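Take a look at the structure set out below.
Please treat every number below as a calculation from the coordinates, not as lab data. Bear in mind that the values here come from a model prediction, so they are computed numbers and not experimental data. Note: ideal-geometry Cβ built from the backbone for every residue, glycine included; neighbour counts use all protein chains shown.
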């Protein structure tokens, strides 16, 4: 089995387009298709379902993606491994992170994380897409507080993540919110339709509570939620590290301060079969020593 065919497969799996993948690896469409056909013959498995309008991975193709990318990454490391110059082979790691945490914490930390023998890259997206990228082998690990239900993952805890139920002071001066009975006068803002942030407060409330917000809106990112809440457009549960400056400045106030939302953890998450497990354990220890910003 040759690496060129695996490179073609990896490109096709990433683009889900033989035309774009062939252009990436500098092959004609016919030569590219021949590479994929030879690989399928070697493995005795169909890797792609193709029609004139779409390309999709088969179950066998999905299983091959992480293994193929690990093999290609290991092959790329071979020149450094056989050098006889006394230097430690260079290591590159790609971390997935959501935009807010990446910009406020990981991006400033890159200078400390980079060493002569290790380079750390960042990939920004939301938590759902990052976990997809992790499963597909597009990133080595993800920094997230997302509740994990996917099998086959390993993780190390980094920092506790605390939350606060917040609103603009002008909003609650007009319409107080001290509990569920007053929620109908307010708009709840969250990241997604399943209300992942508000659930931290729900889980902390004693007994069932009938929260009946007048409107619920989801806007995808924590930065967008904060912007709307500061503007008085609704209320939200947000990470305390992210809104502490707003609380200190008085542009936000904490609601129901006697009920502390359930605490979560930032974790470094990677595939259990990752060949870089030891390097990721080391990275996790370093990240634990860097305070959240």
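Quick notes
- C-alpha center-to-center spacing [the range 269-286, the range 1-23] in angstrom: 27
- Amide N of the range 34-57 lying under 16 Å from the label point, which is placed 7 angstrom from the Cα of residue 28 along Cα→Cβ: 34-36
- Kirkwood Rh, angstrom, the range 219-293 [1 / mean 1/r, Cα pairs]: 15.2
- Based on alpha-carbon atoms, the Kirkwood radius and the radius of gyration of the chain give Rg/Rh equal to 1.07.
- With kT/(6 pi eta Rh) evaluated at 4 °C and eta = 1.567 mPa s, and Rh the Kirkwood radius from Cα pairs, the range 3-80 diffuses with a coefficient of 103 µm²/s according to Stokes-Einstein.
- Using alpha-carbon coordinates, inclination of helix 3-15 to the longest axis of the chain, degrees: 30
- Within the range 150-293, all pairs of alpha-carbon atoms sorted by distance into 5 Å bins from zero give the percentages 2, 9, 17, 19, 17, 12, 9, 7, 5, 2, 1, 0.
- Our helix-only sum for the chain, with -39,500 (n - 2.57) per DSSP H run of n ≥ 4 divided by its residues, gives a mean residue ellipticity at 222 nm of -12000 deg cm²/dmol.
- Folded to 0 to 90 degrees: helix 59-81 orientation relative to the chain principal axis, Cα: 70
- C-alpha long axis of helix 240-249 to longest principal axis of the chain, angle in °: 40
- Annotation: the antiparallel percentage among DSSP beta bridges lying fully within the chain is about 60.
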